[in-house]
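Okay, structure first, notes after.
Bear in mind that the values in this text are calculations on the coordinates, not laboratory data. Not measured: the values here are computed from a predicted model. Here the Cβ is made from the backbone with ideal geometry for all residues, glycine too, and neighbour counts use every protein chain on show.
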Amino acid sequence: MTAQTPIYITTPLYYVNDELHLGHATTTVYADTLARFWRACGRPVLFLTGSDEHGQKIHKAASAAGTTPKDFADRIVQKFFELWDALDIQYDVFIRTTDDFHKRAVQALFTRLRDGGHIRKDRYNALYCVECETNYTEKDLLDGKCPIHKTAPQQVSEENYFFTLSSFTQPLLDHIAANPDCIVPEPRRNEIVGKLKEGLNDISVTRTTFDWGVPLPWEPSHVVWVWWDALVNYISGLGWPDSPALPTDAIQGRSRHAHEVAGNAFAHWWPSAVHLVGKDILWHHTVVWWSQLLGAGEKPPRQVFAHGWWQVEGDKMSKTLGNVIKPQEVAAKYGRDALRYHILREGPAKGDADWRQAAFVTRFNADLANGLGNLLNRSLNMLGKYFDGKVPPETAFDQPALEKARLSLIDRVNGLYPRLVAAITNFDLDAACEAVIELVRETNAFVNNAAPFKLAKDPARAKDLQASMHALCQVDFVLCHALRAFLPDAANRIATQLAVPLDGVLADRLRWNALGAGHQTGKAEPLFMRLEAEGNTDA
């Protein structure tokens, strides 16, 4: 896959029943990091997120609040915007399921499903959890309760339209076998395959007991089940089925270059679609969604990445326990890079994770304050003191041990780009960050061994001083660009101190001698201040 291959990155549409928490921020930070990284590599990127606003739960919540479902949704969506602005999430498209173009796409999809013989009318008798808007069978329940919300489901009976999900069991198994990386990580794929082999049942896809949803075009008394409505956003946001361009009223983002594509937007972006979701909604984003697409004559997305859940200090995150981590508060207190870094390093990309305040402080201090911040600060201070802030020409050390260390730094710098590409391709965000921090650690050790502050006192060691400071300048420049996706605020501050633009493609920037000799750097400023350990676990 070349640097010019497009990639379409999506988060789930977050439900407007409440404010967003750490779990929502995690999926979105993962998506934002991927989008920033691939953009920096020169790859065309489209990053979509949004809000899921229909369904019985919203209808119920709005009634309890004494307002209309749309007004209720508007207030919550505004908080979404505020959070993504506070975290500087660089999405390209923000879609709302109440957007008219989305409703039209949902109705078009259902018309295709009906015309293809995949929709039938029948009596719906089911156990239904309003909280997760999902049907369950007796075997799905734990002690008679929803496995996620631990509440007893409602017994529902009404005449609905059904989708012939059972007919897609084998096509889905065939698709996964032919595309083994379509669900990652591997344990999640195995989970879906195992459930598929048990067989699928036809499912109800409309409701008649309330009207807050997308009405069927041929029978408006039926509204589309919220999941079947919301999942369509991934293609309605591309203008499917009729518009050749992205819907302009969905574009709320900051990266306008992503939208300028030749030809049909859906045809351009959809083959490279990557959905990022939490593990609890993986079933909906594979079995349910892919069956919808196949039934409508479209192909499934290229890939679905499902991450795990957060605990907090060993306990489940819940309002009852009062331990819900609010990302906006963490960012306001410690900086959004600190929040972002902890999510990328300690988060649930590979499995469930545990947010521990002590670990947050320890990693911040070790990697960012003592590591990255200390390296940049002493590098630029010494450069200003010994070379008036100008990058000296490259030269080798006279001392063999120091020259060996310098050559090792060169190898690590020149090997960084392929390491980052490999890690990001595999959604290993922790490994990507570690590759950058390994360079920081090796460079700090290099400073300690070369000791420019001692070399400067000996005129006979002027060449070694020049070699050491040139090397530090090259590493600082590479770190500035390598951090663009992971710590965007820090990357911008480093660029300011180095007096360099934060631009260009990473393959050109992450290489030795990308910063020319004679370049005049700016003033050194502290990058990260050490955090003190706290006596409680409140973030």
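Worth a mention:
- Straight-distance candidates among the aspartates and glutamates for linking to Lys316, with alpha-carbon spacing under 12 Å and chain neighbours fewer than 8 residues away dropped: Asp352, Asp354.
- Fewest-first sequence of Ser468, Ser204 by Cβ atoms within 10 Å of each Cβ: Ser204, Ser468
- For the chain, the dipole from Cβ point charges (+1 on Lys and Arg, -1 on Asp and Glu) about the Cα centre works out to 1080 debye, to the nearest 20.
- Directionally averaged shadow of region 1-105, computed from the convex hull of its alpha-carbon atoms, nm²: 7.5
- Nearest-20 debye value, region 359-501 charge dipole, Cβ charges on Lys, Arg, Asp, Glu: 360
- Cross-link partners of Lys350 among aspartates and glutamates, defined as those whose alpha carbon lies under 18 angstrom from its own and excluding same-chain residues fewer than eight positions apart: Asp32, Asp181, Glu186, Glu191, Asp280, Asp428, Asp430, Glu434.
- Qualifying aspartates and glutamates (Cα of each under 17 Å from Cα of Lys57; at least 8 residues distant if same chain): Asp18, Glu19, Asp71, Asp74, Glu131, Glu133, Asp211, Asp229
- Taking GluC sites (Glu not before Pro) across region 139-196, none is in a DSSP loop with at most 14 further Cβ atoms lying within 10 angstrom of its Cβ.
- Dipole of region 186-247, positive direction: furthest Cα of Ile192, His222, Pro247, with charges on the beta-carbon: Ile192
- Summarising the label geometry, the points placed 7 Å from Cα in the beta-carbon direction at Ala359 and Asn426 lie 2.0 nm from one another.
- Across every pair of non-identical alpha carbons in region 309-448, the mean reciprocal distance, once inverted, gives a Kirkwood radius of 17.7 Å.
- Tail weight of P(r) past 39 Å, computed on alpha-carbon pairs of the chain, percent: 33
- When each of Lys333/Lys454; Lys79/Lys150; Lys103/Lys150; Lys145/Lys195 is checked by Cα-Cα distance, pairs over 29 Å: Lys333/Lys454; Lys103/Lys150
- Spatial separation of Cα centroids for region 429-457 and region 383-425, in angstrom: 9
- Rg ratio (alpha-carbon, reference 2.2 N^0.38 Å) - region 7-307: 0.96
- Loop-resident sites, region 132-218, for chymotrypsin sites (Phe, Trp or Tyr not before Pro), counting at most 15 other Cβ within 10 Å (DSSP): Phe210, Trp218
- Expected-Rg normalisation [2.2 N^0.38 Å, Cα atoms] applied to region 58-98: 1.36
- Modelled spin-label separation between Lys390 and Val184, with each label point placed 7 Å from Cα along the Cα-to-Cβ direction: 4.7 nm.
- Integer Hz, Karplus 6.51/-1.76/1.60 couplings in order for region 179-196, x for Gly and Pro: 10, x, 9, 6, 10, 9, x, 4, x, 5, 4, 4, 4, 5, 4, x, 5, 4
- With the convex hull of the Cα atoms taken as the outline of region 154-217, the averaged projected area works out to 6.5 nm².
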